[in-house]
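Input: a single structure, listed below in structure tokens.
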Amino acid sequence: MIHHLRRMVDGRGGPWGRAFDFAVQFLVILSIISFSLETLPDLTASEALWLYRVEQVTVALFSLEYLLRLVVAPKKKAFVFSFFGMVDLLAILPFFLSLGVDLRSIRIVRLIRLIRLFKLMRYSQAMHRFSRAFVLVKEEMTIFFVFTLFTLYIAAVGIYYFENPVQPEHFKSVFHCLWWAVATLTTVGYGDIIPITLGGRIFTFVILMIGLGVVAVPAGLISAAISQAVREEALNKRENSPIPKEEGE
């Protein structure tokens, strides 16, 4: 019995497994639509009540799904602390946290409900390939992230020394300059804080050129990793596919 339930929950139980997957995906989408409708400013009391009822039903079903996955999991502790185990728990936790407390806290707590979008990742082969790609390049991405933080700090220090003497109201300290560094290094360039000295403008040009690499490098790494994940998936399918018998055997 547990074996059949596990196959259904994992989406490998034939029609029942596909129906289970579809039902969970439908609940996720319904919950997100309900969450969005709750933000409308002119809801009547009855409409708000209906949306709350929808939330109650979806939370009840998500809770049953979580318990079912916990029951059929061969290693329950591993499931609870796995990525999808945490996602499933966070999908229902905000509702229970908002009960019996100051209603003003709901505005903060219910934001966690958006974690339900991650539940859709469980049913997407493309998302599995994407997560596999991140695993393949996690070391490179870690090094690149550290390099980016280092570059942000250098950019903030550099612009501080160029612009602080002439614009102390905007470039008050290195910490204030970090906002300029983020906007410039990511090539967003809001224009709310701009350099006016020659040295500051030349320095900004250099940071912008580095920023183009900051955007391009991780995109290239992930693109190459996704291609490798696709090749691995195709190879696994070929290895696991049944070998056709020769004629006459």
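The values are calculated or read from the model by the stated rules, or taken from the named source; none is laboratory data. Bear in mind that the values here come from a model prediction, so they are computed numbers and not experimental data. So basically every Cβ, Gly included, is an ideal-geometry build from the backbone, and we count neighbours across all protein chains shown.
Some observations on this one:
- Val135 at pLDDT below 90, closer than 27 Å to Ile193 by Cα, β-branched (Val, Ile, Thr) and part of a helix (DSSP H, G or I): no
- Boolean, Phe171 is assigned to a helix (DSSP H, G or I) and modelled with pLDDT of 85 or more: no
- Selection of region 129-158 for residues being small (Gly, Ala, Ser) and surrounded by fewer than 17 Cβ atoms within 10 Å (Cβ to Cβ) yields only Ser131.
- Identity of the residue in region 63-114, surrounded by 14 or more Cβ atoms within 10 Å (Cβ to Cβ) and of a type in the set (Val, Ile, Thr), that ends up modelled with the lowest pLDDT: Ile106
- Residue within region 28-42 that is within 19 Å of His128 (Cα to Cα), in a helix (DSSP H, G or I) and touching a Phe, Trp or Tyr at 6+ places or on another chain (Cβ under 9 Å) present: yes
- On inspection, Pro165 fails the criterion of being surrounded by 12 or more Cβ atoms within 10 Å (Cβ to Cβ) and either over 25 Å from the mean Cα position of the chain (by Cα) or of a type outside the set (A, V, I, L, M, F, W, C) (or both).
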